[in-house]
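These notes concern the structure reproduced below.
Readers should treat all values here as calculations from the given coordinates under stated rules, not as data from a laboratory. Only a predicted model underlies this, so the values are computations on that prediction, with no experimental measurement involved. All Cβ positions, glycine included, derive from the backbone under ideal geometry; neighbour counts span all protein chains shown.
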Amino acid sequence: MSTPITRIAFHTMGCKTNFSETSTISSEMLSYGYQKVSYKDEADIYVLNTCSVTENADKEARKLIRQARRLNPYAKIAVIGCYAQLQPDQISRIPGVDLILGATEKFNLLSHLNSLNENNESKIIKSPINNISSFQPSFTNGERTRSYLKIQDGCNYNCSFCTIPLARGRSRSDTIKKTVEIAQNIADSGAREIVLTGINIGDFGSVKDENFLQLIMTLDNLKGIERFRISSIEPNLLSDEIISFCADSNKFVPHFHIPLQSGADSILQNMKRRYNTDLYKSRVEYIKQLIPDCCIGVDVIVGYPGEEEEHFEQTKSFLESIDISYLHVFSYSQRKDTVAATLKNQVTKEKKEYRSKTLHILSNKKRTEFYNQYINTIRPVLVEQSNNGKIQGFTDNYIKVNIDEDLSCRNTIVSVLLNENKGGYMQGEII
């Protein structure tokens, strides 16, 4: 009599780094005979890879745990990742949670699942965050078009609002040699684009006498990958040399995502950020000087403690004055064990909502202006999927494109005439 196959479902919250880690963990489970199903379906095991950047992320995690329990009250539920590292006791009080794995132990999911007993007590394995030194590489697979490759983990910065150092530990990465070997494996699987991800990727190699510029120079020679994309990099680590190299590269695309967080220098100082607005502006101007068609995305936090109306207006005016393409807007959320959570002058929810809405409007305006520059121009588009009879993809400079043809050109780069700005995407036709 054959042994029934165990159905396992994964759900990933948060950043691209989390997605790369979930993919690596799930691949291991499948190699041991587990059957992967949707998190919305009935499974024997549910695995939730969590984020804990904001209180909303924590609330969403609790909602997803309850959802899994409703789908199958008898299933095992494992909660892994940042929320699990930071608040394991809180999670253990949620009915139905069997396994809670922190920063490094999540990669040992299989062995911990095998060791679960039947007494319905949550098993908590919290990683000793101050002693983590090993780096676990990971990347997304199964989606042949684009792969997220984690090249770095952790952070040595101590920004006053951020729990990432508490959730992931100190900055660490693999060697250039091993990172390139993994990238070559991704290329051999048929992917056309690799997105370099991590927590503070500009800090790559800092403990191994290597650096991020050396890494991307080496990756530029990799055969089989047509595009490399840098996911997010701190402005103080985005050097002239990195920008110049990307400007001359045929593989590193014209797209940077650069966190700002505030356009008021006094707030940046209180946040313990490692740059000011002058440095940030110089980065944007140098990029646009060398790469005029570059897409530049920006992270901004509204409602940081002590952010008065004048500070917000400084941020808004600064963002209006620089040549950027879109914003990711976050409302400040108090996080346990951070300096910012102890500060007075907390901003009201109503003010945060107003400021967030204002910057979302500005983001739409910036994106519209950026897209409009490329109406009636031809750009290379990596075709990623077919949806409702249309093929979709992104240009090299991160413009989302829909094409009214259902052609068998998925996972190829095609030349597309961009005809019309539809708001969230552009309409195009293959040339």
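Per 10 Å bin, what percent of the C-alpha pairs of the stretch 276-324 does each bin hold, from zero upward?
All Cα pairs considered, the percentages come to 22, 50, 22, 6.
Tell me, what is the FRET efficiency for THR342 and SER408 to the nearest 0.05, using R0 = 60 angstrom and their Cβ-Cβ distance as r?
So, using R0 = 60 Å, E works out to roughly 0.55.
Please go through the stretch 1-99 and write out the trypsin sites (Lys or Arg not before Pro) that DSSP classes as loop and that have at most 16 other C-beta atoms within 10 Å.
LYS40, ARG93
What full-extension length gain, to one decimal in nm, is calculated for GLN136 and SER92 as 0.36 nm per residue of separation minus the Cα-Cα distance?
Once the chain is fully extended between GLN136 and SER92, it gains 13.3 nm.
Taking 10 °C and 1.306 mPa s as the conditions, I'd like the Stokes-Einstein D for the stretch 7-127 in µm²/s, using the Kirkwood hydrodynamic radius from alpha carbon pairs.
114 µm²/s
Regarding the stretch 232-374, what is the average projected area of its C-alpha convex hull, in nm²?
The Cα convex hull of the stretch 232-374, projected and averaged over all directions, gives 8.8 nm².
How big is the stretch 377-430 on each of its three principal axes, counting only the C-alpha atoms and giving the largest first in Å?
Extents along the principal axes: 23, 20, 15 Å.
Which loop-located trypsin sites (Lys or Arg not before Pro) does the stretch 338-385 contain, where loop means any DSSP state but H, G, I, E or B and the Cβ has at most 13 other Cβ atoms within 10 Å?
LYS344
Against the 2.2 N^0.38 Å scaling, with N counting residues, where does the stretch 17-59 land? I'd like the Cα-based Rg ratio to two decimal places.
1.34
What whole-number value in cubic angstrom gives the convex hull volume per residue for the C-alpha atoms of the chain?
159 Å³
Could you give the DSSP H helices of the chain that reach 15 angstrom or more along their long axis (alpha carbon positions) and whose average Kyte-Doolittle hydropathy is no lower than -0.5?
Answer set is 16-31, 176-188.
From zero outward in steps of 10 Å, how is the percent of C-alpha pairs of the stretch 132-253 spread across the bins?
14, 46, 32, 8, 0
Out of the DSSP beta bridges found with both residues in the chain, what percent are antiparallel (nearest 5)?
Antiparallel: roughly 35 percent of the beta bridges in the chain.
Find how much the distance from TYR157 to GLU320 grows on full extension, using 0.36 nm per residue of separation minus their present alpha carbon separation; answer in nm with one decimal.
Using 0.36 nm per residue and subtracting the Cα-Cα distance, I get 55.9 nm.
Which distance in Å, rounded to a whole number, links the C-alpha centroids of the stretch 268-337 and the stretch 370-431?
Comparing the Cα centres of the stretch 268-337 and the stretch 370-431, I get a distance of 29 Å.
Where in the stretch 1-97 are there chymotrypsin sites (Phe, Trp or Tyr not before Pro) that are in a DSSP coil and have at most 14 other Cβ atoms within 10 angstrom of their Cβ?
Here the sparse-neighbourhood loop sites are TYR32, TYR74.
Can you put HIS112, HIS360 in order, fewest other beta carbons within 10 Å first?
Lowest count first: HIS360, HIS112.
Nearest 5 percent is fine: what portion of the DSSP beta bridges confined to the stretch 127-223 is antiparallel?
45 percent
Taking amide hydrogens as modeled 1.01 Å from N in the peptide plane, which residues meet the under 5 Å criterion relative to ARG170, leaving out close sequence neighbours?
Result for ARG170 returns ILE132, CYS155.
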